[in-house]
Structures are given as C-alpha cells and as structure tokens.
1. How far is helix 43-164 tilted, in degrees, relative to the longest principal axis of the Cα atoms in the chain, given as a value from 0 to 90 rounded to the nearest 10?
2. Given +1 on the Cβ of Lys and Arg, -1 on the Cβ of Asp and Glu, and no further charges, what dipole in debye does the stretch 69-115 carry about its Cα centre, rounded to the nearest 20?
3. If you look at just the Cα atoms of the stretch 42-165, how large are its Rg and its Dmax in Å?
4. With respect to the cross-link table entries LYS21/LYS69; LYS98/LYS123; LYS98/LYS122, which display a Cα-Cα separation exceeding 30 Å?
5. With point charges of +1 on the Cβ of Lys and Arg and -1 on the Cβ of Asp and Glu, referenced to the Cα centre of the chain, which listed residue (MET96, ALA152, TRP135) lies farthest in the positive direction of the dipole?
6. For the chain, what is the mean residue ellipticity at 222 nm derived from helices alone (per DSSP H run of n ≥ 4: -39500 (n - 2.57); sum divided by total residues; nearest 500 deg cm²/dmol)?
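Read the figures in this text as sums done on the coordinates, not as results from a lab. Just so it is clear, the model here is predicted, and its values are computed rather than measured. Here Cβ is always computed from backbone atoms with ideal geometry, including for glycine, and neighbour counts include all displayed protein chains.
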Amino acid sequence: MWHTLCERITQFSVESSENLKELEAGVALILKGLREVNIINLSPLEVLLEDFFKKHKDYDVARLSTSQKITRDSLQELLSVAQQCLDTANEERINMDKQLEEILQKILTRAEKELKVWTSKKKKTISLIEDHQKWLSENQETITNSEDEIHAIEKIIPLLETKIK
C-alpha cells in the first residue's frame, strides 16, 4: 500500500483539477487501509498531504484568477480596439455622407438646369408646331379656295366653249 501511495503521488499532474480529485480519493482509500493495519503513525503524513491538497487548491484558484484577469485584460484591449475601429468607421461614414451630399447637390443643380433647358425647348417646339399647324391650316384654306375657283372656272369653260362654237 505504501508503494501504491508513493506511485500515485509521483504520477500526479498539477495542471489538472480532475487528477487532484482522483489523487485525493485514492490517497484517502490507501490511508484508510494503512490505518486499519496500524503499523506506523500516519499523522505527520496526513498533515503534509492535507497541506499539499490545500496548496494545490489555492494554486488552482490563483491560476484561474490569473487566467480570468488575463482574459479580462484581453477583452478590454479587444473592446478598445473595436471601439477605435467603430470610431474610424463612423468618421469615414460621416465623410462619405458629406461627399455624397455634395455630389448629389451638384447632380440636382445640373438636373434642374437641364430641366429648364428642356422645358424651354419644349415650349419652343410646341410654339413651332402650333405655328406650323396654323400655316398648314392657312395653306389648306388657300388650296380649298383655289380648288373651288378651279371648279367654278371648269364649269364656266364648257359654257364658253359651247358659245364659241
């Protein structure tokens, strides 16, 4: 039993809490067996083992605390970097918004000018069409009058021809 106890303690890894629980359970079982045999006084060994287990638990707590502190510090640093990135992105967005506003204002101004030009051209075109329609109407009236005169003359000509004969 003594050799088993020594072997368990030497194979123990301080990096695992699970190994500590297994070691404690195994040592408790071996010590119980050694007490039953009652060959040697186990009190000094029990004190040392209890101290060892307590120190290991303190070590685990300290390691976890350090790990969490490092993690908190890392998170704080990441949050700081993320905030800087957000600030930079926000400034870029503001600058882009200003540039976009300027570009859109220029486009709007140019579109308004073009609209005025096209409106003016439309009015001129409508005026030209109306003038052309008026001219066509007048010409049609002149043609109609001329045709009426021709028909009247054609009616007179057969009469004149009959008188000349």
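1. It is inclined by approximately 10 degrees.
2. Details: 7 positive and 10 negative charges, 12 e Å.
Charge dipole of the stretch 69-115: 60 debye, to the nearest 20.
3. 51.3, 171
4. Working: LYS21/LYS69 25 Å; LYS98/LYS123 37 Å; LYS98/LYS122 35 Å.
With Cα atoms farther than 30 Å apart: LYS98/LYS123; LYS98/LYS122.
5. Among MET96, ALA152, TRP135, the one farthest towards the positive end of the dipole of the chain is ALA152.
6. Numbers: 3 runs with 152 residues, N = 165.
For the chain, the value works out to -34500 deg cm²/dmol.
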